[in-house]
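**Q** For reference, the structure I am asking about is given below.
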Amino acid sequence: MKPLSSPLPITALFFCLHIIPTLSSADYDASTTETNTTDFIRTSCSVTLYPDVCYTSLSGYANATEQDPARLARIAIGVSLSKARHMAAYISNLSRAADYGADPRASAALHDCFSNMGDTVEEIRGSLNQMRQLVAPGSESFRFQMENVQTWMSAALTDEDTCTDGFEDVADGPMKTEVCERMEKVKELTSNALALVNSYAEKGTN
């Protein structure tokens, strides 16, 4: 008869019994931290007009926010800036093509929209730079900085609205629909970023 294999050494058995709870605890802590950060974003997004869009666009940056409302507002501004830049490039390409088209109203609307988007990009970029230089909340300088950010983000949203308003006299068609639908997504992100800025400004000045 083949002899039974030797039993597991006591020291090895002791190690195995203790390493499993250790790993499970680490996994639990990481999961809890992730849940807390995503819950923070979801709760913060509740002040926006488009909370689902807000959560979807920012949840990927959960760890970077460190559950800090200032960081979250800054990241939201950065996300809206990226979207605005892409929209400006898209409009620029369309406007060049429209110059050779038969509809002067569409061409004019696209050129005006491109100008508006150029202003939007500059305003959001200015907001982002200001957020990167924030002083401690509660001071007069902090209030001044946040008012700048609020003013610029509001202006950006107005310029985006002006872009779509310019298409009211343009005949319905695929181009008009595509521009307005894309711009609507840009406006949602800008609106959400402004709401998070307003929320942080209110907490920091009270």
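**Q** Let me confirm something: among 107, 80, which residue is modelled with pLDDT under 95, crowded, with 16+ Cβ neighbours inside 10 Å and closer than 30 Å to residue 172 by Cβ? Walk me through it before giving the result.
**A** Details: 80 fails: modelled with pLDDT under 95.
Unique residue meeting the criteria: 107.
**Q** Another one. Any idea how many residues of segment 75-112 are of a type in the set (Val, Ile, Thr) and outside any helix (DSSP H, G or I)?
**A** Filtering segment 75-112 for residues of a type in the set (Val, Ile, Thr) gives 75, 77, 79, 91.
This time we only want the ones that are outside any helix (DSSP H, G or I), so: none.
The qualifying residues number 0.
**Q** On the given criteria, is residue 172 touching a residue at least 12 places away in the same chain (Cβ under 8 Å), of a type outside the set (A, V, I, L, M) and either within 25 Å of residue 107 (Cβ to Cβ) or not in a helix (DSSP H, G or I) (or both)? Break it down into steps so the answer makes sense when it comes.
**A** On the way: touching a residue at least 12 places away in the same chain (Cβ under 8 Å): no; of a type outside the set (A, V, I, L, M): yes; either within 25 Å of residue 107 (Cβ to Cβ) or not in a helix (DSSP H, G or I) (or both): yes.
No.
Here is a yes/no grid of residues against (1) at pLDDT 95 or above; (2) within 12 Å of residue 77 (Cβ to Cβ); (3) in contact with a Phe, Trp or Tyr (Cβ under 7 Å, 6 or more places away or on another chain); (4) of a type in the set (A, V, I, L, M):
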site	(1), (2), (3), (4)
125	yes, yes, no, no
129	yes, yes, no, no
136	no, no, yes, yes
139	no, no, no, no
145	yes, no, no, no
149	yes, yes, no, yes
153	yes, yes, no, yes
160	yes, no, no, no
163	yes, no, no, no
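**Q** Suppose we keep only residues that are assigned to a helix (DSSP H, G or I) and either in contact with a Pro (Cβ under 7 Å, 6 or more places away or on another chain) or surrounded by 14 or more Cβ atoms within 10 Å (Cβ to Cβ) (or both) within segment 27-51. Which one would you say is modelled with the lowest pLDDT? Quick ask: steps written out before the conclusion?
**A** To start, the set of residues in segment 27-51 that are assigned to a helix (DSSP H, G or I) comprises 27-45, 51.
Still in the running and either in contact with a Pro (Cβ under 7 Å, 6 or more places away or on another chain) or surrounded by 14 or more Cβ atoms within 10 Å (Cβ to Cβ) (or both): 37-38, 40-42, 44-45, 51.
On the way: 37: 83, 38: 89, 40: 94, 41: 95, 42: 95, 44: 96, 45: 97, 51: 98.
This residue is 37.
**Q** Residue under question is residue 54, and the condition is that it be modelled with pLDDT of 95 or more and assigned to a helix (DSSP H, G or I); does it hold?
**A** yes
**Q** Still on this model: Give the residue, chosen from 179, 170, that is at pLDDT below 95 and out of contact with any His (no Cβ under 8 Å at 6 or more places or on another chain). Give the steps one after another, and end with the answer.
**A** On the way: 179 fails: at pLDDT below 95.
Every option except 170 fails the conditions.
**Q** So the check is Cβ under 8 Å with 6+ separation or different chains; which pairs have a first residue in segment 52-68 that's touching a residue at least 24 places away in the same chain (Cβ under 8 Å) and buried (at least 18 other Cβ atoms within 10 Å of the Cβ) and a second one that's outside any helix (DSSP H, G or I) and of a type in the set (S, T, N, Q)?
**A** If the second residue must be outside any helix (DSSP H, G or I) and of a type in the set (S, T, N, Q), the pairs left are 54/48.
**Q** Take residue 155 and tell me if it is under 27 Å from residue 63 (Cβ atoms), within 25 Å of the chain's Cα centre (by Cα) and surrounded by 13 or more Cβ atoms within 10 Å (Cβ to Cβ). Give the steps one after another, and end with the answer.
**A** Numbers: under 27 Å from residue 63 (Cβ atoms): no; within 25 Å of the chain's Cα centre (by Cα): yes; surrounded by 13 or more Cβ atoms within 10 Å (Cβ to Cβ): yes.
Spelling it out, it is not the case that residue 155 is under 27 Å from residue 63 (Cβ atoms), within 25 Å of the chain's Cα centre (by Cα) and surrounded by 13 or more Cβ atoms within 10 Å (Cβ to Cβ).
**Q** For segment 162-183, name all the residues that are surrounded by 12 or more Cβ atoms within 10 Å (Cβ to Cβ) and out of contact with any Lys or Arg (no Cβ under 7 Å at 6 or more places or on another chain). Steps first, please.
**A** Pass one, segment 162-183, residues surrounded by 12 or more Cβ atoms within 10 Å (Cβ to Cβ): 162-167, 170, 175-176, 178-180, 182-183.
Selection gives 162, 163, 164, 165, 166, 175, 176, 178, 179, 180, 182, 183.
**Q** So which of 134, 72 ends up being in contact (Cβ under 8 Å) with a residue 12 or more places away in the chain, closer than 30 Å to residue 41 by Cα and not in a helix (DSSP H, G or I)? Walk me through how you get there before you give the answer.
**A** Working: 72 fails: not in a helix (DSSP H, G or I).
After applying the criteria, what remains is 134.
The values are calculated or read from the model by the stated rules, or taken from the named source; none is laboratory data. Only a predicted model underlies this, so the values are computations on that prediction, with no experimental measurement involved. Counting neighbours? That spans all protein chains shown, and the Cβs are built from the backbone with ideal geometry, glycine included.
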